[in-house]
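Notes to accompany the following structure.
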Amino acid sequence: MSSDLIKLNFSNVDMLDKEWCAYQAKVDDIHHHLEQLFKDSVGWIGYPLQNQSVLLQQITNIANEIREHAEILVVIGVGGSYLGARAIQDALTPYFKIKKGAIEVVYVGQNLSGAYIAQLLDYLADKNVYVNVISKSGTTMETALAFRVLKQYMDERYGIEAIERIIVTTDAENGLLKEIADHTGYRQFIIPANIGGRYSVLTPVGLLPVAVAGIDIDELINGAKHAAMSLNHSRLERNNAYCYAVFRHFLYEQGYKVELLASFEPSLKNFHEWWMQLFGESEGKERKGLFPSAASYSTDLHAIGQFIQEGNPILFETLLYFEEVQEDVSVPYDTQNDDRLNYLSNRTFNEMNNISRQGTALAHIAGGVPVIQLQLPKLDAYHIGYLIYFFMKACAMSACLLGVNPFNQPGVEAYKNKMLALLQKIQIVN
Ligand code: PA5
């Protein structure tokens with residue numbers, strides 16, 4: 001159980017031995033002091049190793065109840081309180097249908113679009129509904145406003161039964177959502193106090209929505225547990241999460257401004273968004289940090305591929321790929337061969353996707369773009385659980401190498417304060 005599931009290839013990132021050794025000393029130091037320095041924010045490090053069987057059973061029971069009594073679950077949340085669930089759901093559920101035995105899971109509260117919420121209410125009209133509202137602080141504007149609308153909708157539609165149909169995921173003690181949940185009598189899941197939003201996807205924040213979507217949460221946690229055990233070494237040769245952190249920091253120091261995470265399965269698009277928030281909110285402070293960006297290949301090779309190959313050399317690329325993706329199609333043989341593609345007949349699409357990945361790496365390396373490759377054996381719940389933990393561990397290390405606090409987000413307050421001031425002005429005028 002101690003082997004690293006992620007293979008890391010960085011053949012064109014040139015680092016000298018003495019640079020590597022200097023990083024090793026810093027990594028050792030951060031690794032040994034991280035939990036002590038940020039003791040209020042590192043609950044996620046040991047979380048998958050704790051015995052979660054009771055919690056997982058409770059989540060499974062409620063997910064089963066929801067699937068039995070509803071046709072749709074509306075998840076309300078923003079930032080770390082929604083991106084992870086949506087990422088896992090999209091990565092692991094079919095493209096064109098709902099997973100067998102599961103129900104539809106939709107998200108609201110992550111924007112202030114009136115059209116979005118109006119159309120959602122319309123969409124719910126002929127469906128049986130449950131709601132899961134998620135907010136650690138219990139005071140986030142987008143979430144609170146969407147919940148106000150959905151709460152009223154559920155009360156009007158279901159009367160007293162609405163209490164059973166709304167599940168709250170929030171802090172154990174603090175926040176307005178906690179107060180509302182207590183006095184109304186909603187069932188609650190707790191977000192551990194020492195796990196911040198963008199590190200919380202493996203807690204009930206992410207687990208309840210994805211369980212309703214039909215994902216095996218035991219496997220997800222087993223994968224994360226495997227990662228928690230294998231990525232607990234400070235030696236770079238034994239910890240690929242730290243190696244990845246070191247390479248991206250090294251490239252940042254070389255002057256690169258952007259990291260482009262690119263993958264080859266369209267279902268990972270929302271996983272990219274979770275990753276962008278994790279790194280963007282953890283590192284982008286004190287005028288430092290790489291800008292996290294993402295692309296879905298081969299789609300985006302026909303969009304921003306030109307820029308990557310020959311444009312302003314501000315970026316390096318991290319290619320994420322899975323050796324085995326379930327389901328595949330072979331190119332059929334065509335007796336006419338008008339399109340001259342018979343030389344590809346019997347090759348599978350997944351095979352060609354993999355070859356396109358190799359070609360992309362070769363072309364971008366030849367174009368002078370540093371390429372880091374992260375390879376996992378299989379796209380399934382176990383490996384996604386592993387990957388999530390891998391990125392969280394890498395992110396904490398990377399932010400510390402940069403010299404910033406990985407767990408706060410002071411910059412987000414600026415937007416919130418300005419918006420509140422403007423809203424209060426409207427109140428005074430009215
Ligand atoms: O990572 C974070 O801490 C943030 O992105 C939060 O998750 C986000 O702002 C939502 O906060 P809350 O869960 O308190 O509503």
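Quick notes on this structure:
- Inter-residue pairs, beta-carbon under 8 Å, first within 15 Å of PHE250 (Cα to Cα) and in region 279-290, second away from the ligand (no atom under 13 Å from the Cβ) and assigned to a loop (DSSP other than H, G, I, E, B), 6+ apart: GLU283/GLY289; GLU283/LEU290; GLU283/VAL404; LYS288/GLY403; LYS288/VAL404; GLY289/VAL404; LEU290/TYR256; LEU290/LYS257
Yes or no, residue by residue, for (1) within 16 Å of the ligand (Cβ to nearest atom); (2) part of a loop (DSSP other than H, G, I, E, B):
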| position | (1), (2) |
| --- | --- |
| LYS269 | no, no |
| TRP274 | yes, no |
| PHE279 | yes, no |
| LYS285 | yes, yes |
| ALA295 | no, no |
| PHE307 | no, no |
| PHE316 | no, no |
| LEU319 | no, no |
| ASP334 | no, yes |
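- Of all residues assigned to region 150-166, none qualifies as being near the ligand (Cβ under 10 Å from one of its atoms) and either among the polar types (S, T, N, Q) or over 14 Å from SER81 (Cβ atoms) (or both).
- Residue in region 192-213 that is assigned to a loop (DSSP other than H, G, I, E, B) and away from the ligand (no atom under 16 Å from the Cβ) present: yes
- Pairs meeting the criteria (first residue in region 319-342 and in the same structural domain as THR360 (by TED's automatic domain parsing), second residue of a type in the set (Asp, Glu) and in a loop (DSSP other than H, G, I, E, B), beta carbons under 7 Å, at least 6 apart or on different chains) are PHE322/GLU265; VAL325/GLU265; ASN342/ASP334.
- Output for region 228-239, where each listed residue is surrounded by 22 or more Cβ atoms within 10 Å (Cβ to Cβ) and closer than 20 Å to GLU19 by Cα: ASN239
- Taken together, GLN152, GLN89, GLN57 contain a single residue that is touching a strand residue (DSSP E or B) at 6+ places or on another chain (Cβ under 9 Å) and outside any loop (DSSP other than H, G, I, E, B), which is GLN89.
- Residue tally, condition exposed (fewer than 14 other Cβ atoms within 10 Å of the Cβ), more than 19 Å from PRO204 (Cβ to Cβ) and hydrophobic (A, V, I, L, M, F, W, C), over region 160-175: 1
- Conditions (1) modelled with pLDDT of 95 or more; (2) within 30 Å of LEU231 (Cα to Cα); (3) touching a helix residue (DSSP H, G or I) at 6+ places or on another chain (Cβ under 9 Å); (4) of a type outside the set (Asp, Glu): number failed by ARG347: (2)
- Within region 393-406, the residues that satisfy the criterion of being assigned to a helix (DSSP H, G or I) and either among the acidic types (Asp, Glu) or over 9 Å from ALA227 (Cβ atoms) (or both) are ALA394, CYS395, ALA396, MET397, SER398, ALA399, CYS400, LEU401, LEU402.
- GLY138 vs. criteria at positive phi and surrounded by fewer than 14 Cβ atoms within 10 Å (Cβ to Cβ): no
- HIS249 being part of a helix (DSSP H, G or I), more than 20 Å from the chain's Cα centre (by Cα) and more than 26 Å from TYR82 (Cβ to Cβ): yes
- Within region 1-18, residues that are of a type in the set (Asp, Glu) have Cβ atoms under 8 Å from residues that are at pLDDT 85 or above in these pairs: ASP4/SER230; ASP4/LEU231; ASP4/ARG238; ASP4/ASN239; ASP4/ASN240, counting only partners at least 6 apart in sequence or on another chain.
- Inside region 167-191, residues that are assigned to a helix (DSSP H, G or I) and either away from the ligand (no atom under 11 Å from the Cβ) or touching a residue at least 40 places away in the same chain (Cβ under 8 Å) (or both) make up a count of 8.
- The residues of region 41-86 that are basic (Lys, Arg) and more than 16 Å from the ligand (Cβ to nearest atom) amount to a single one, ARG67.
- Filter pass, TYR186 being under 25 Å from PHE407 (Cα atoms) and buried (at least 18 other Cβ atoms within 10 Å of the Cβ): no
- Region 124-142, subset touching a helix residue (DSSP H, G or I) at 6+ places or on another chain (Cβ under 7 Å) and near the ligand (Cβ under 8 Å from one of its atoms), residue nearest to GLU104 (Cα to Cα): ILE134
- In region 260-278 there is at least one residue matching the filter, namely being within 17 Å of TYR389 (Cα to Cα) and in contact with a Gly (Cβ under 6 Å, 6 or more places away or on another chain).
The values are calculated or read from the model by the stated rules, or taken from the named source; none is laboratory data. The structure presented is a predicted model; accordingly, all values stated were derived computationally and were not measured. We place every Cβ from the backbone using ideal geometry, glycine too, and count neighbours over all the protein chains shown.
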